[in-house]
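The next block holds one structure in the form of structure tokens; read it before the comments.
The values are calculated or read from the model by the stated rules, or taken from the named source; none is laboratory data. Quick caveat: nothing in here was measured; it's all calculated off a predicted structure. Note that we place each Cβ from the backbone using ideal geometry, even for glycine, and neighbour counts take in every protein chain shown.
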Amino acid sequence: GTQQSDEHRLPRYVRVNTLKTTVEDVMDYVKRDGFTYLGEAVRLDDLNLKGKKFVRDLHLPELLAFPPKTDFHDHFLYKAGHIILQDKASCLPAHLLNPPPGSHVVDACAAPGNKTSHLAAIMRNTGRLFAFDLDAQRLATMSTLLLRAGLTCHQLANQDFLKVDPDSPQYKDVEYVLLDPSCSGSGMVCLRDNATADQKEEEEEARLARLASFQLRCLNHGLRFPRLKRLVYSTCSIHRQENEEVVAACLQQNPSFRLVHLLPQWPERGLEPLPQCLRASATKTLTHGFFVALLEKHSAAASFRS
Ligand code: SAM
């Protein structure tokens, strides 16, 4: 269908793993492989490439874009953990949370760990990164991935995030939370075709309602860490119920938090009334469908606390 061809039209994004190498070294390596470097993209259309060419992304400093379907799965750089094959939209949450080196961070629903490894790179492998996931199988995949990526600052736990005690002494210095909970996956262009094909609309509505209620519980729980400064909420869903509606309900229940206006130059915004948030899509941002919100504690409330 058309979605299928969407997927094959998206650029191949490559995130450089700065725990193992540098953007310059990866660029030199792929140039030796015969790719021509066209410079840093200045507009989205520069990411539409053909042939053996590549550019640096215009929004994310560690991201390179190659033509659709460029395959790096057998490449040395991938096998050695120097590059991570990650869609551009899914690089936004860690980039926007931007936890400084030395900070204490929670990755609430972490497997298979692409965002965890991105967080660790931003933290330069210092501080502490507490990563949780309910699914043991996905966690096993994740520990292989993180080993290859060279992480040393993380602590993995096979645990229900909703049962993690935010008041436990080990989390007393947690100031940053990344929350990327299970969602309908409706933004994944390759899944979209069959997702609703033989499902009744009512069933789909009930499923979305269940997911949204789980997402809101996770979000409220994430805000309970006593020293929290910033929380990023993201989904790969295009449904308002799992995105803007979850965030709006959470803000109403947690008046000491507000939304940060993200990347003013980003072309696709959260649906009204939340233009501070970002959306992403194949047509408007050349990525999978995605949503990101950044919640921040009011500075007055924050200084009142300490
Ligand atoms: N952040 C991951 C990444 O970038 O690689 C992707 C996370 S995926 C969208 C959602 C994850 O949440 C799944 O791995 C699922 O097993 C996990 N999950 C679902 N319910 C959970 C819960 N109550 N506590 C912790 N993890 C949960």
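Could you please find all residues in region 41-75 being at positive phi and either of a type in the set (Gly, Ala, Ser) or surrounded by 14 or more Cβ atoms within 10 Å (Cβ to Cβ) (or both)?
The one that is at positive phi and either of a type in the set (Gly, Ala, Ser) or surrounded by 14 or more Cβ atoms within 10 Å (Cβ to Cβ) (or both): 51.
So in region 93-104, with the set limited to residues that are crowded, with 16+ Cβ neighbours inside 10 Å and away from the ligand (no atom under 13 Å from the Cβ), which one is farthest from residue 154 (Cα to Cα)?
96
For the condition touching a residue at least 24 places away in the same chain (Cβ under 8 Å) and closer than 21 Å to residue 24 by Cα, what is the one hit in 103, 117?
Result: 117 is the single residue among 103, 117 that is touching a residue at least 24 places away in the same chain (Cβ under 8 Å) and closer than 21 Å to residue 24 by Cα.
For region 114-168, name all the residues that are more than 19 Å from the chain's Cα centre (by Cα), within 12 Å of the ligand (Cβ to nearest atom) and among the polar types (S, T, N, Q).
137, 158, 159
Residue by residue, here is whether (1) out of contact with any strand residue (DSSP E or B) (no Cβ under 7 Å at 6 or more places or on another chain); (2) at pLDDT 95 or above; (3) within 22 Å of residue 282 (Cα to Cα) holds:
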residue: 2; (1), (2), (3): yes, no, yes
residue: 6; (1), (2), (3): yes, no, yes
residue: 14; (1), (2), (3): no, yes, yes
residue: 18; (1), (2), (3): yes, yes, no
residue: 25; (1), (2), (3): yes, yes, no
residue: 32; (1), (2), (3): yes, yes, no
residue: 37; (1), (2), (3): no, yes, no
residue: 41; (1), (2), (3): no, yes, yes
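I need every pair where a residue in region 26-42 that is farther than 12 Å from residue 77 by Cβ has its Cβ under 9 Å from the Cβ of a residue that is modelled with pLDDT of 95 or more and of a type in the set (Asp, Glu), sequence separation at least 6 or different chains.
Sorted first by the residue in region 26-42, then by its partner, the pairs are 38/46; 39/46; 40/46; 40/57; 41/57.
Which residues, taken from region 282-306, are at pLDDT 95 or above and over 20 Å from residue 181 (Cβ atoms)?
282, 283, 284, 285, 286, 297
Looking only at region 73-91, which residues are closer than 17 Å to residue 18 by Cβ and hydrophobic (A, V, I, L, M, F, W, C)?
77, 80, 83, 84, 85, 91 - these are the residues of region 73-91 that are closer than 17 Å to residue 18 by Cβ and hydrophobic (A, V, I, L, M, F, W, C).
I'd like the residue in region 225-274 that is of a type in the set (D, E, K, R) and more than 25 Å from residue 164 (Cβ to Cβ) and, out of all such residues, is farthest from the chain's Cα centre (by Cα).
Result: 272.
To keep it simple, each residue is scored yes or no on (1) polar (S, T, N, Q); (2) surrounded by 22 or more Cβ atoms within 10 Å (Cβ to Cβ).
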site: 208; (1), (2): no, no
site: 222; (1), (2): no, yes
site: 239; (1), (2): no, no
site: 250; (1), (2): no, yes
site: 253; (1), (2): yes, no
site: 256; (1), (2): yes, no
site: 263; (1), (2): no, no
site: 266; (1), (2): no, no
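For residues that are near the ligand (Cβ under 9 Å from one of its atoms) and surrounded by fewer than 18 Cβ atoms within 10 Å (Cβ to Cβ), tally how many sit in region 169-184.
Result for region 169-184: 1.
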